[in-house]
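*Asks:* To start, I am sharing the structure in question, which I have written as structure tokens.
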Amino acid sequence: MDFEVIIAGGGPVGMLLAAELALADVKVCVLERLRENLPYSRALTVHPRTLEILDMRGLKTKLLQKGTPISRGHFAGLDTPLDFSVLDSSSNYTLFLPEIETEKQLEEHARSLGVEIRREEEVVSVRQDEYGTRVVSNGPSGVSELTAAYIVGADGAGSLVRKQAGIPLSGTDSAFTAML
């Protein structure tokens, strides 16, 4: 096998998972279809519990250098603001930080732990058999096939991994649209 785990999707979830697996000595590869992180943000804050977890990995200090702590904020456009300052936490605030900065730090962290990250590598098919998982991707060098014991779909709501695994997306379509 090429890897123990292949992660499809190099956003914040994929990169953090890759780093956590690497800390457990798992040989992991991230396949990300984009050449570089998007310059605009789908999210502008990192919430207190996430900051606590990132602090356990030594990442909070770097994020604080790029962001601004805010003690009050909203969640999901709700009318009632949240007061984070009352939390019994060393991260009793939300951190105003463009997602691109969070992604950069998580990717740097994953790379420092030996994670192989292949950008411009789009997963086009996933097959599983009794021996593991075969992932076909298309990238700058053409079509390639990798094998792993497991694949993780961190490739968003329209996940190819989820669809090819036959896992339905339960829930309802979004009823709220916002623009940052």
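*Asks:* So, Leu63, is that one open to solvent by less than 60 Å² (accessible area, probe 1.4 Å), hydrophobic (A, V, I, L, M, F, W, C) and assigned to a strand (DSSP E or B) or not?
*Replies:* No, not satisfied.
*Asks:* Given the stretch 81-180, what strands (runs of 3 or more DSSP E) lie entirely inside it while holding 3 or more residues that are open to solvent by 60 Å² or more (accessible area, probe 1.4 Å)?
*Replies:* Of the strands (runs of 3 or more DSSP E) lying wholly inside the stretch 81-180, those with at least 3 residues that are open to solvent by 60 Å² or more (accessible area, probe 1.4 Å) span 122-129, 142-153.
*Asks:* Has the stretch 33-40 got at least one residue that is under 30 Å from Glu145 (Cα atoms), out of contact with any Cys (no Cβ under 7 Å at 6 or more places or on another chain) and hydrophobic (A, V, I, L, M, F, W, C)?
*Replies:* The answer is yes, given that some residue of the stretch 33-40 is under 30 Å from Glu145 (Cα atoms), out of contact with any Cys (no Cβ under 7 Å at 6 or more places or on another chain) and hydrophobic (A, V, I, L, M, F, W, C).
*Asks:* Looking at the stretch 45-61, I want the residues that are within 14 Å of Thr94 (Cα to Cα) and have a partner that is of a type in the set (A, V, I, L, M, F, W, C) and open to solvent by 70 Å² or more (accessible area, probe 1.4 Å) with Cβ atoms under 8 Å, at least 6 apart or on another chain. Which pairs are those?
*Replies:* Thr45/Phe96; Pro48/Leu87
*Asks:* Could you say whether any residue in the stretch 30-41 is crowded, with 20+ Cβ neighbours inside 10 Å, free of Cβ contacts under 8 Å to residues at least 40 places away in the same chain, in contact with a helix residue (DSSP H, G or I) (Cβ under 6 Å, 6 or more places away or on another chain) and hydrophobic (A, V, I, L, M, F, W, C)?
*Replies:* no
The values are calculated or read from the model by the stated rules, or taken from the named source; none is laboratory data. Note that the coordinates shown come from a computational prediction; the quantities given were computed from them, not determined experimentally. Quick reminder, even Gly has a Cβ in these numbers, built from the backbone with ideal geometry, and neighbours come from all protein chains shown. Quick note on the areas: whole protein, heavy atoms, side chains included, nothing else; ligands and nucleic acids left out. Shrake-Rupley method; radii C 1.70, N 1.55, O 1.52, S 1.80 Å.
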